[in-house]
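Written below as structure tokens is the structure these notes are about.
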Amino acid sequence: MSMQALNRLVARSIVDPTVLQAFGSGHIGQVLGELDFSPEMRLTLSGIEAGSWTEFAVQAYRTVKASEKPAVRIELPSPLEGLMQEQEQKRSDYGQVA
Amino acid sequence: MNPVTREERHWFLHCLAQGLYEYMGAAAPPIPVEGLLQHPPDVYRDDFGVVDMYSTLWDATFARPPNGRGSVFVRIDLTPAERRLALARELLSALITSRHGRAMGLVQLLMADLKDSAEYFARCLAVPEPLLQAFRRREGKQADLAEAFCIPGGAARLRWEDSPA
């Protein structure tokens, strides 16, 4: 959602000078408030320090992208762990027999 | 400016093309790129123009005299598809060198890789993402993209590959 909002903001900036004016006067937060950013993201983006609009846009892109990246972790069981579990099971089975 | 990756630069250019497409309000292809140059958004008023030229050196080139109105000089004998893409490509130079573009910082972001940037931007503008997605939903094939959007075949192929299905 935030990336869509950022896309809209950057798209708007090429035809709407008020975006650039807001950025230049340190009021980009007001423009961000018109878009579908979460309050936390709005705060984070408002705090970006950049020397130009393009620099702001790229930093905002990195910020939003990092926040949207799902924390994918492939957690396959270790083959060793599997064998150990099997051994443990066998041991306990023997134990029961004994 | 800190180093910017190609992917970040392309993302930015894609957004710019999207903004201009929305400004044009084109509901269907082909995209009226020449109309955009002749009737640009207010912020570029008196900034762009198109001049037909006889030339054997290039298809189109943008030039802006110091403190003057810029124009795309385009070869008169191009096919409509070649002309559309060449004008879209040179439009980026017009944007970069405009007052608004300079204020945005487009020079710092895009000048170092201008050729790649201009070609990518031109493809995004001539085949806007919403229209490309609509084309795909209607079972449009890559082979028909060039004709549908009236752009050269090579550019259509790259645009198809650029955009996620």
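Things worth noting here:
- Selection within the stretch B:112-146 - in a loop (DSSP other than H, G, I, E, B), exposed (fewer than 14 other Cβ atoms within 10 Å of the Cβ) and touching a helix residue (DSSP H, G or I) at 6+ places or on another chain (Cβ under 8 Å): none
- Failed item, numbered, when residue B:77 is tested on (1) farther than 29 Å from residue B:164 by Cα; (2) crowded, with 17+ Cβ neighbours inside 10 Å: (2)
- Close pairs (8 angstrom Cβ cut-off, 6 or more residues apart or separate chains): facing another protein chain (nearest Cβ under 7 Å) and among the charged types (D, E, K, R) in the stretch A:49-63, assigned to a loop (DSSP other than H, G, I, E, B) and surrounded by fewer than 18 Cβ atoms within 10 Å (Cβ to Cβ) anywhere: A:55/B:1; A:55/B:2
- In summary, residue B:57 fulfils each of the numbered conditions (1) surrounded by fewer than 16 Cβ atoms within 10 Å (Cβ to Cβ); (2) away from chain A (no Cβ under 14 Å); (3) in contact (Cβ under 8 Å) with a residue 12 or more places away in the chain with the single exception of condition (3).
- From the list B:16, B:87, B:36, B:91, the one residue that fits, being among the aliphatic types (A, V, I, L, M), within 14 Å of chain A (Cβ to nearest Cβ) and in contact with a strand residue (DSSP E or B) (Cβ under 9 Å, 6 or more places away or on another chain), is B:91.
- Residues satisfying the stated conditions in the stretch B:117-142, i.e. at pLDDT 95 or above and of a type in the set (Gly, Ala, Ser): B:117, B:118, B:122, B:126, B:134
- Of the residues making up the stretch B:94-103, those that are part of a helix (DSSP H, G or I), within 11 Å of chain A (Cβ to nearest Cβ) and of a type outside the set (Lys, Arg) number 5.
- Test: residue in the stretch B:59-77 that is assigned to a helix (DSSP H, G or I) and either under 17 Å from the mean Cα position of the chain (by Cα) or of a type in the set (Ser, Thr, Tyr) (or both): no
- Filtering the stretch B:46-58 to residues that are within 16 Å of the chain's Cα centre (by Cα) and assigned to a strand (DSSP E or B) leaves only B:50.
- One residue stands out in the stretch A:1-24 among those that are outside any helix (DSSP H, G or I) and at pLDDT 95 or above: the one that is nearest to residue B:103 (Cα to Cα), namely A:14.
- Criterion applied to B:89, B:64 was being among the basic types (Lys, Arg), surrounded by 22 or more Cβ atoms within 10 Å (Cβ to Cβ) and either touching a Phe, Trp or Tyr at 6+ places or on another chain (Cβ under 8 Å) or at pLDDT below 95 (or both), and the one residue passing it is B:89.
- In the stretch B:39-54, of all residues being away from every other protein chain (no Cβ under 12 Å) and closer than 20 Å to residue B:128 by Cβ, the one that is surrounded by the fewest Cβ atoms within 10 Å (Cβ to Cβ) corresponds to B:39.
- In the stretch A:1-23, the residues that are free of Cβ contacts under 8 Å to residues at least 24 places away in the same chain, within 8 Å of chain B (Cβ to nearest Cβ) and of a type outside the set (D, E, K, R): A:7, A:11, A:14, A:15, A:17
- Check on residue A:33, more than 18 Å from the chain's Cα centre (by Cα), surrounded by fewer than 20 Cβ atoms within 10 Å (Cβ to Cβ) and at the interface with another protein chain (Cβ under 9 Å from one of its Cβ atoms): no
The values are calculated or read from the model by the stated rules, or taken from the named source; none is laboratory data. A quick note: this is a predicted structure, and the numbers were derived from the prediction, not measured. Using ideal geometry, Cβ is built from the backbone for each residue, glycine included, and neighbour counts are taken over all protein chains shown.
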